[in-house]
1. Leaving out same-chain residues fewer than 8 places away, which lysines sit with a Cα under 16 Å from that of Lys209?
2. Where does the chain land on Rg/Rh, using Cα atoms and the Kirkwood Rh?
3. Amide H to amide H under 5 Å from Arg185: which residues, 5+ apart in sequence or cross-chain, H placed 1.01 Å off N in plane?
4. How large is the helix-only mean residue ellipticity at 222 nm for the chain, computed as the sum of -39500 (n - 2.57) over DSSP H runs with n ≥ 4, divided by its residue count, in deg cm²/dmol to the nearest 500?
5. So what does the Cα-only Debye profile of region 51-144 read at q = 0.16, 0.17, 0.19 Å⁻¹, as log10 I(q)/I(0), no solvent term?
6. Using 0.36 nm per residue, how much length does the chain from Glu4 to Gln82 gain when fully extended, once their Cα-Cα distance is taken away?
7. Return the subset of Lys50/Lys178; Lys88/Lys178; Lys50/Lys181; Lys139/Lys181; Lys102/Lys139 for which the Cα-Cα distance in this structure is over 27 Å, preserving the input order.
8. Can you tell me what share of the DSSP beta bridges in the chain is antiparallel? A percent to the nearest 5 is fine.
Amino acid sequence: MQLENVKIKKAGRNLEIFTATLFPGIVYQIQGPNGSGKSTLLDIFAHERKIDEGNIYFEGKSGSKKQYSGKFVKNATIYIRQDTRIYKQTPVATLNAAIRTKQLSSATAYRSVMGLLESYGLQEIANVKMKDLSSVTRKKIELLTVFLRDSRLVIIDDPAFESMDEHFVRKFLADLKKSVKQDNRTLVLAQAQSLLRYRVIDITLVMHKGHIIRVEKTYQKKSPARKPQNNKS
């Protein structure tokens, strides 16, 4: 996806992006203080908000020329918003609904869901009503849906990692980056705090007052091989 001279003119929500490109197989972080425009930019990427000016290209096709539909992008996107949805079902039912897009048999889907919950130590709450779980646990279940749905673009707005245990966060991000690289997906994470210490970010877009003010490439560089030392006796 590529944004060119995109503008949104709305009181308190002004946004102006001269250029921004999302490539497959890359993990992006959008960083900036509250009110800097992170969520608005995510809405644009997800085609949940109309732009006032500019153009958006998706897989080389122009949005302004109506060469693709917003519905097409939405069907190819997982968008987890900042506010956790209050599901009426259980974690198993919630994750089963996510995996339906893969058209697996009921037995295979159930094994995949239970295996995922077990790998994150959440199997004991598999059949507890979501409304009876803590907001942190509900958020974890919502985040796990990204491993079960077919999508080319994954967008997560403020995953609230600071309220979760470190083991879950590290495992989730490591598994998610593996999925991005293996399946050639694009991942966009937005959070006020930096996620660089988890070593999953490839590119950081720093925002301020509705503008991308800095782009930081954070690819992990391989350490140069050390030359063998000649030990003189």
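Bear in mind these aren't lab numbers, they're just calculated from the coordinates by the rules spelled out. Keep in mind that what you see is a predicted model, and the values were worked out from it rather than measured.
1. Cross-link targets: Lys7, Lys9, Lys10, Lys38.
2. A ratio of 1.03.
3. Close amide H contacts, sequence-distant or interchain: Gly25.
4. That calculation yields -8500 deg cm²/dmol at 222 nm.
5. Summing over Cα pairs of region 51-144 leads to -0.75, -0.80, -0.89.
6. Additional length available on full extension: 25.5 nm.
7. The pairs that break the limit, which is 27 Å between Cα atoms, are Lys50/Lys178; Lys88/Lys178; Lys50/Lys181.
8. 50 percent
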